[in-house]
Amino acid sequence: MIRRLLDLPNDDSRKIVFIAVSLCLVCSLMVSSAAVLLAPIQAAQQQENRRMNVLLAAGLIEEGEEDVQVNQLFQQIEARIVNLDTGQFTDAVNPATFDPRAAKRDPNMSDEIPDDDDVAGLGRRERYARVYILRDGDAISRLVLPVRAYGLWSTMFAFIALEGDLNTVAAINFYEHAETPGLGDEIEDPDWRALWAGRQIFDAQGQPRLRVIRGRVDSASPNAIHEVDGMAGATLTGNGVSNMIVFWFGESGFGQFLDNLRTGGA
Ligand SMILES: Cc1cc2nc3c(=O)[nH]c(=O)nc-3n(C[C@H](O)[C@H](O)[C@H](O)COP(=O)(O)O)c2cc1C
């Protein structure tokens, strides 16, 4: 049958259809095999990338540092799952395999955020979060939390690292967003991110207060400890970042978990 089709003249429509269909089949086979074969490599790279971002936020590696043994350094970090509803650690989910984006889409693993609470424009919030702890003896020296919020054009994903007082920012690292190059993408700028170190999230009443303001922080102001310079021409992205702090350090985010950690009840 194949032989007979191949023996037909090249301009015979049956041969043209046969060749076209065969070509499509071979190509789709190649593409799907590549996808299947590359999936584990992609997953390993995604994991290494995430770990690298956590290590950056935890201060275990420097910006632009090369030849980093990511997986080896990461052994110093303890990854745990927190139940955001109770604010307590849980073993109900495996931290190695937990996928927060899939959890956010899964109605059994996430909840719709009521409009008046959804300051960060997230729509839904997963019930669990993977957090990263660096210890000095038994005490927490750095706590790295995953946070996100809608900016002007996109959801901005970041890791924010707190010092052991669970209030002072050690570092922030935005690793995914689609804000405009040259404007909103200044959230990635190392000089701007460096402004966050030493700022405090919570005020004396325990409310999340840290904000990206418009313009420059007046260092003489009593609020300066809770303020970060705005990004010129990108106030709306900055507002998204401020909303991110309000949401994730409030009761619907990590607020209860941090309270529990402070009192030893997590
Ligand atoms: C094409 C285009 C892209 C923009 N991208 C951003 C952005 O990524 N983030 C942002 O905050 N503002 C962006 N803006 C500007 C906003 O519309 C708005 O003017 C700005 O956030 C106000 O900040 P300012 O008061 O500091 O100028 C963009 C404007 C244009 C025309």
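Based on what the data block shows, is VAL212 buried (at least 19 other Cβ atoms within 10 Å of the Cβ), more than 14 Å from the ligand (Cβ to nearest atom) and not small (Gly, Ala, Ser)? Answer is no for this residue.
Residue-by-condition table, conditions (1) over 27 Å from THR168 (Cα atoms); (2) outside the structural domain of PHE159 (by TED's automatic domain parsing); (3) modelled with pLDDT of 95 or more:
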| residue | (1), (2), (3) |
| --- | --- |
| LEU60 | no, yes, no |
| ALA79 | no, no, yes |
| LEU84 | no, no, yes |
| GLY87 | no, no, yes |
| THR90 | no, no, yes |
| ALA96 | yes, no, no |
| ALA103 | yes, no, yes |
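Of all residues in the range 172-209, those that are farther than 21 Å from ILE61 by Cα, among the aliphatic types (A, V, I, L, M) and within 16 Å of the ligand (Cβ to nearest atom) total 2. The helices (runs of 4 or more DSSP H) found wholly in the range 154-266 and carrying at least 2 residues that are of a type in the set (S, T, N, Q) occupy 235-248, 255-262. Residues in the range 116-123 include at least one that is β-branched (Val, Ile, Thr), under 19 Å from the mean Cα position of the chain (by Cα) and within 19 Å of ILE245 (Cβ to Cβ).
Restricting VAL54, VAL82 to those that are touching a helix residue (DSSP H, G or I) at 6+ places or on another chain (Cβ under 9 Å), touching a residue at least 60 places away in the same chain (Cβ under 8 Å) and assigned to a helix (DSSP H, G or I) reduces the list to VAL54.
Restricting attention to the range 7-19, the residues being part of a helix (DSSP H, G or I), surrounded by 10 or more Cβ atoms within 10 Å (Cβ to Cβ) and free of Cβ contacts under 8 Å to residues at least 12 places away in the same chain number 5. Scanning the range 184-209 for residues that are more than 19 Å from ASN167 (Cα to Cα) and loosely packed, with under 13 Cβ neighbours inside 10 Å returns ASP189, PRO190, ASP191.
Taking the criterion of being hydrophobic (A, V, I, L, M, F, W, C) and outside any strand (DSSP E or B), the residues of the range 110-135 that qualify are ILE113, VAL119, ALA120, LEU122.
I need the full set of residues from the range 227-238 which are buried (at least 20 other Cβ atoms within 10 Å of the Cβ) and not charged (D, E, K, R), in order please. VAL228, GLY230, MET231, ALA234, THR237, GLY238 - these are the residues of the range 227-238 that are buried (at least 20 other Cβ atoms within 10 Å of the Cβ) and not charged (D, E, K, R).
Quick one: in the range 222-246, which of the residues that are within 30 Å of GLN256 (Cβ to Cβ) and among the hydroxyl-bearing types (Ser, Thr, Tyr) is nearest to the ligand (Cβ to nearest atom)? By that ranking, first place goes to THR237.
Within the range 102-109, at least one residue is assigned to a helix (DSSP H, G or I), aliphatic (A, V, I, L, M) and loosely packed, with under 12 Cβ neighbours inside 10 Å. Which is touching a residue at least 24 places away in the same chain (Cβ under 8 Å), among the aliphatic types (A, V, I, L, M) and over 24 Å from GLY238 (Cα atoms), of ALA96, ALA158, ALA139? Being touching a residue at least 24 places away in the same chain (Cβ under 8 Å), among the aliphatic types (A, V, I, L, M) and over 24 Å from GLY238 (Cα atoms) holds for just one of ALA96, ALA158, ALA139, which is ALA139.
The values are calculated or read from the model by the stated rules, or taken from the named source; none is laboratory data. In this text, all values refer to a predicted model and were calculated from it rather than measured experimentally. Every residue, glycine among them, receives a Cβ derived from its backbone with ideal geometry; neighbour counts consider all protein chains shown.
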